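Laboratory data are not the source of any read-out in this text; all were calculated from the coordinates shown. Just so it is clear, the model here is predicted, and its values are computed rather than measured. Glycine also receives a Cβ, built like all others from the backbone with ideal geometry; neighbour counts cover every protein chain displayed.
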Amino acid sequence: MSGMFHDHFSGFANRYADFRPHYPAALFDYLATLVPREARVWDCACGNGQATMDLAERFEHVLATDASRQQINSAPTHPRVEFQVAAADQSGLSDASVGLVTVAQALHWFALDHFYAEVRRVLKPGGILAVWAYGLTQVEGGAVNQLVQEFYGETVGPYWPPERRLVEEGYRTLAFPFLELTPPVFHMETHWTLSQLIGYFSTWSATNRLIQATGRNPLEPLTAALTRVWGDARAPRLITWPLSMRVGVCR
């Protein structure tokens, strides 16, 4: 049996869809060099379909699953994508039916032994497992970035689930029992206004756990503090994230 599904995101699935950053196109271009276009892809823990849509532009058949029905319901439709509610270790796929399995920003939530067993079951020999996660937000401007780092580490820091440390470590400490490849180095970047950045912080599991535990919204004082140093709140600033990726071949 798999471990219990800890749902940190269903309660704000719509905000998650609106305010999460996008993965770089180069990442998906790289995946497209590893397996044929006609290979079936399983995008596990797809959330609102953020990575799924990019996969569907490069592959003909994508199954996107998530244990959260709210996340699946918030995903857009695509003619080459089938969305299903399913746990990470209970995909419903046939044996040896998939060429590529992807997990974007979610591997740290899984019961790894159960998930890896499912991956080995559904992947064809020589199939690929690709997992990735993005780390700590960096914001253009020293004063602005300092406030962001304090919010992450001090204000909401005690409310991060313990799995968050695995993301901070770039997944390097996780077991990964596959023949490992060395992918290119990727990073994520976007330009956001102050309100967009605050919207992103509202999707953090730690932010919502703090609100549930204390009844206070830490985004209100953060918004006030950032407003004082941002300048024109409508002017976008560069936001960047390091992106860590592990890729393995199933034998």
Ascending count of other beta-carbon atoms within 10 Å, so fewest first, for Asp29, Asp43, Asp89:
Asp29, Asp89, Asp43
Three principal axis lengths of the chain [C-alpha, angstrom, descending]:
56, 35, 35
Can you give the log10 of the normalised intensity I(q)/I(0) at q = 0.23, 0.35 Å⁻¹, computed with Debye over equal Cα scatterers of the stretch 211-251?
-0.89, -1.15
Tabulate in residue order the Karplus-calculated ³J(HN,Hα) for the stretch 131-144, using 6.51 cos²θ - 1.76 cosθ + 1.60 with θ = phi - 60°, rounded to whole Hz; enter x for Gly and Pro.
10, 8, 8, 10, x, 6, 5, 10, 10, 4, x, x, 5, 5
For a quick check: sort Thr65, Thr193, Thr227 by the number of other beta carbons within 10 angstrom, fewest at the front.
Thr227, Thr193, Thr65
What net charge do the residues around Val131 carry, taking every other residue with its C-beta under 14 Å from that of Val131, with Lys and Arg at +1 and Asp and Glu at -1?
-3
Ascending count of other beta-carbon atoms within 10 Å, so fewest first, for Leu194, Leu179:
Leu179, Leu194
If you filter the stretch 61-141 for trypsin sites (Lys or Arg not before Pro), then keep DSSP loop positions with at most 15 other Cβ within 10 Å, what is left?
Arg80
